[in-house]
Structure formats: structure tokens, C-alpha cells
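Structure record follows, encoded as C-alpha cells.
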Amino acid sequence: MHAPEARSTADTTPALHDGGGPAPGAALNSLRRQLATIAVLGGLTFNAFLCFLNTNVMAIRESHVMLFELVLIGCAFLAALSRRIDLYLVSAFFLSYMLLLFALRGEIDLKALRDVLIPIGFYFMGTQVRDPKLADRLVTLSIAIVLLFGLFEFFLTELYLDLFNVLGYFIARGSLTLEDTFGATRGLFISGLRPEPRTLMSFLGQHRVSSVFLEPVSAGNFGAIVFAWGLFRADMRHRFIVMTAALATVVLADARFGFYTCILMTLMLPFYRLVTRPIWIVVPFLLLALIAVYGLATGTDGGANDIAGRFKVTAAILTQLDLAVVLGIATTDEFTADSGLAYTLTKFGLFGFIALWTMLVVAPFKDAKTWSFHSMVLIYLILLMIISNSFFSIKTAALLWFVLGTAHRVDWTGLTRHNLKAVTPHPPGPAAVAIAPPRITVLAAQDRKNPVLRNP
């Protein structure tokens, strides 16, 4: 790493200019870190805040949710602004591509635009802030908030619902109808109580903890993201506590996907260096082709609420999509949220899907150590594509893309050397030799005559 960048990741003390205050560059970096903190923690908690308002203060609509997301994405883009051209090229390319699709479809899909802007904004925010200490702090603080809020929900459920009526919030914003909830207007999210026996620690009962996410799927996904960062950051403070908290969140949510993903990411640690970029590029599209062929061959119309069943659901959805929808030039009324592969195809078209995925896989990074975390993120996304479109949700995506951008721009090897140098004592100087015992002084004199003594 060059000297200026090494200082930006290792020294957060503002430099002083002649006026006695922080230098303009230090002030800008401080502002970026503040915006990053607001954007990441805001993305994590704003739904819980709106749920509290809906329960206790005022009615919340979908427009309020969109406004909050717009503000948070705006903070991310403000922090990402720089003289580098990559942010502007990527943004311009995908915005122009999406406008072309909208023109061909004859309608504008603001949700699709949001889905693109979240990874772009938060990823490039991470590349500009590139502060590993801030990334560690945000990961630690985030999982602490999630776990504490989740324990409150689990042990004091009735009090929790008095303050956070989750079902009423999703009905108010239009995400659920009374038909979906069988007339209920108070309670946990519809997936907050698993009808079948719990998979992880069955003695905990049917309650699936949602924490600040208000629904358990995102809680499990978030646990996997935090676990991956802890697995990667070997020298992070309280690393094992953070990883334990992440696993606790996954277990409380009874998130089978999150649990299996954590296991797979750990087992793959010795093999990431063997999986090259071309392999990662083709994996999701090979998977897409295999699932589509399976659906056409079996005529499946779905399955149970498990991994095999979700595979069949994806196969059933893909067989219902015609060529125009797959290419992104037409829309469909088919429900695709249960399949990230199908959802991505219908929102961005096949060529947009290929471009998005390829750009992620080939994204450059400074240090070869980053490849392991980069690969963990790819595993997480590929597996999640089979069962859900929730990887687009800002609730989990804010932290994911920020820490990935940070990982790509940090010289981890240089940072480790800097830290080791800071704690390594300096060799004894002339004063130490002067007060050394006579016997050591004699050995030092003989050292010049006996080469064996030079390397005892």
C-alpha cells in the first residue's frame, strides 16, 4: 500500500493544517465515516423504527418506507463521491440500461432501480471510506443490536408486540392483506411462527425471532453475513464473540439457510484459492440452466418449505417465464419473490443479470487475502438466489456491500505489518549495551573472531 492510503486505514487522527483545525482531507474522511455509519445502521433499524411509529404514533404507508430508503441510499452515494470515474460509469451504464428496459416494457419500475442503486451506492461507499476499524465497529454494533432486540422479542413477546405490532405494520404499508393474515391485525410476521417443528434447537419452540428486521428470513441472512466477516477478519477485536452472536441470531430465527451457509463458508476456507473467477462467473447460470431443465422435465409446480422444495419452486417459476420476460423486455404477473434467480431475470433481463454478476466477480481488490471474503459473499448470493430475492433488501444489503467495498480497498497485509511494527519493541540501543553485564560484553567482543557466535 502506498503511504497515504496506509495512513488512512491505520491512523484516524485528523491532520492539522496551518489554521490549527482539521485538514480538508481529514474533514472529508470524517464526514464519509459519519455518513457510512448513518446509512448502514439506518438500513438495519429503520423498519423497526417505522413499525414503532405505526404502532404507537401514526399510520405508516409504503411512501414513508420509500422515503427512508431514498435518504439512506442518498447518504451512501454522498459518501461514495470522489474523483474516481468508476462510480459514475457503473451508475450511468445501469441507469441507461434500465431506462431502455422501461421504454421497451412501456412502464417504469422504481423498485428495480432501487435494487440496482443499493449495491452500487453502498459498495462504492465502502471503497471510499476504506476504514477496516469502522467496518469492524459497524459489524460488532449491528450484531449487538440485532441480538439484544431479538432476545427482547423472544423473552418478552407480548410487551414487544405492544410496542412493535409487526403484523399491523406490514398491513399498513400494503405488504400484507387481511386475507394473508386470516383477519389478524396484531402479531408477528406470518413466517414468525413455523408450523412444522423447528430445525435448529427444537426446544426453543415455534417462535422464529425476527429482531429489528421484523421477519426471520432477513435475520438469518444477516447472521450469515456477520459470520463471514468474522471468519475473514482474524485480527478483529472480539472476533469470536461476534461470530457467536451471529450464530445465535441464526439459531433464534431458525434460519436453515443461514446455518448451512455458515457451515459451507467455513468448510470452503482451504479451497477458495482453487476456485477461479471464470468458475464463479458461470456457476449461477449453470445452476439456472439445470433448474430450468429440471422444471421442464418434471413439470413440477412447487414443493415443501425446505431446500428441496424451494428448488422445485424456482424450477416451477422459471418454466412459466416466456422469452420476452427472460430478456427483460416484457413484464409478468408471476410471483417471483421466492426465487432470486427468477426475480433477477424478470427485473433486469438475462443480459443485465450477466453484467451485474460478472462485474461483481471480477471486481478488483488490493490484497490477495480479500479473495476469501469475496468468495464467501459469492457463495452467500448464489445459495440465496435459489430460495429468495431478499439479497436486494437494504436491511441486510447495506452492511454486506459496505464491508465488501471496504475489503476490496484495504491492503490487509500492509495493515497487519503496521500493527505488528507498532507493538514490537525496538532493539536495545547503546545505553542498554553500556549497562550490560561484563560477560555479555566479552561475548560481543569474541563475536568478531568466532563466526559461530554470530548466529547462536
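The values are calculated or read from the model by the stated rules, or taken from the named source; none is laboratory data. Only a predicted model underlies this, so the values are computations on that prediction, with no experimental measurement involved. Every residue, glycine among them, receives a Cβ derived from its backbone with ideal geometry; neighbour counts consider all protein chains shown. Areas reflect the complete protein model, heavy atoms only, side chains present, ligands, DNA and RNA absent. Shrake-Rupley method; radii C 1.70, N 1.55, O 1.52, S 1.80 Å.
With every protein chain kept in place and ligands, DNA and RNA left out, what is the accessible area per residue of the stretch 207-272? Probe 1.4 Å, answer in Å².
Dividing the accessible area of the stretch 207-272 by its residue count gives 33 Å².
With all protein chains present and a 1.4 Å probe, how do GLU62, GLU107 order by accessible area, largest first?
Heavy-atom accessible area, descending, gives GLU107, GLU62.
Any idea how far apart LEU274 and VAL362 come out in nm if each label point goes 7 Å out from Cα toward Cβ?
Going by the 7 Å Cα→Cβ label model, 2.6 nm.
So, R0 is 30 Å and r is the distance between the beta-carbons of ASP109 and ARG137; what FRET efficiency does that work out to, to 0.05?
0.25
Give the shape of the stretch 52-160 as rounded, prolate or oblate, defined through the alpha-carbon gyration tensor: a ≥ b ≥ c are the square roots of its eigenvalues, a/c under 1.5 means rounded, and otherwise the shape is prolate if a/b is larger than b/c and oblate if not.
Oblate, since a/c reaches 1.5 and b/c is not below a/b.
Summarise the long-distance tail of P(r) for the stretch 75-230 by giving the % of C-alpha pairs beyond 19 Å.
Counting every Cα pair in the stretch 75-230, those more than 19 Å apart make up 68 percent.
Stretch ASN56-LEU323 to full length: gain in nm at 0.36 nm per residue minus the Cα-Cα span?
91.4 nm
Considering only protein heavy atoms and a probe of 1.4 Å, how much of the accessible area of the stretch 68-117 is carbon and sulfur, as a whole percent?
Roughly 76 percent, rounded to a whole number.
Given R₀ = 60 Å, what would the calculated FRET efficiency be for ARG237 paired with LEU296, taking r from the Cβ atoms and rounding to 0.05?
According to the calculation, E is roughly 0.70.
What's the center-to-center distance, using Cα atoms, between the stretch 78-117 and the stretch 353-387 in Å?
Computed from Cα coordinates, the inter-centre distance equals 20 Å.
Which order do VAL282, VAL209 take when ranked by solvent-accessible area (1.4 Å probe, heavy atoms of all protein chains), largest first?
VAL282, VAL209
Mind checking the per residue accessible area of the stretch 347-418 for me, 1.4 Å probe, whole number of Å²?
I get 27 Å² per residue for the stretch 347-418.
Which ³J(HN,Hα) values, rounded to whole Hz and listed in residue order, are derived for the stretch 175-181 from phi using the Karplus coefficients 6.51, -1.76 and 1.60 in 6.51 cos²θ - 1.76 cosθ + 1.60 with θ = phi - 60°, glycine and proline given as x?
Using θ = phi - 60°, the values come out as 6, 10, 10, 5, 5, 5, 9 Hz.
Return the aspartates and glutamates within reach of LYS111: Cα separation strictly under 18 angstrom, same-chain partners fewer than 8 residues apart disregarded; answer none if there are no such residues.
Straight-distance partners of LYS111: GLU62, GLU69, ASP333, GLU334, ASP338.
Using modelled amide H (1.01 Å from N, peptide plane; none on Pro or chain starts), what sits under 5 Å from the amide H of ASN389, excluding residues fewer than 5 places away?
SER339, GLY340
Longer than 27 Å from Cα to Cα, which of LYS133/LYS366; LYS133/LYS347; LYS133/LYS395; LYS312/LYS369; LYS133/LYS369 are they? Say none if no pair is.
From the list (LYS133/LYS366; LYS133/LYS347; LYS133/LYS395; LYS312/LYS369; LYS133/LYS369), the Cα-Cα distance tops 27 Å for LYS133/LYS347; LYS312/LYS369.
With the other protein chains left in place, how much accessible area per residue, in square angstrom, belongs to the stretch 58-194 at a 1.4 angstrom probe?
Per-residue accessible area for the stretch 58-194 comes out at 49 Å².
Each residue of the stretch 150-161 in order: what ³J(HN,Hα) in whole Hz does its phi give by Karplus 6.51 cos²θ - 1.76 cosθ + 1.60, θ = phi - 60°, with x for Gly and Pro?
Karplus-based 3J(HN,Hα) across the stretch 150-161 equals x, 5, 4, 4, 6, 8, 10, 4, 5, 5, 4, 6 Hz.
Using the 2.2 N^0.38 Å rule of thumb for compact globular proteins, work out how the stretch 318-368 stacks up: its C-alpha Rg over that value, please.
So the Cα radius of gyration is 1.38 times the expected 2.2 N^0.38 Å.
Ignoring ligands, DNA and RNA, what percent of the accessible area of the stretch 118-272 is carbon or sulfur (1.4 Å)?
71 percent
Rounded to whole Å and sorted largest first, list the principal axis extents of the Cα atoms in the stretch 281-354.
If we take the Cα atoms of the stretch 281-354, the spans are 31, 29, 21 Å.
If the chain between TYR88 and ILE145 were fully stretched, how many nm would it gain, using 0.36 nm times the residue separation less the Cα-Cα distance?
Difference between extended and current length: 17.1 nm.
Ignoring ligands, DNA and RNA, what percent of the accessible area of the stretch 333-416 is carbon or sulfur (1.4 Å)?
69 percent
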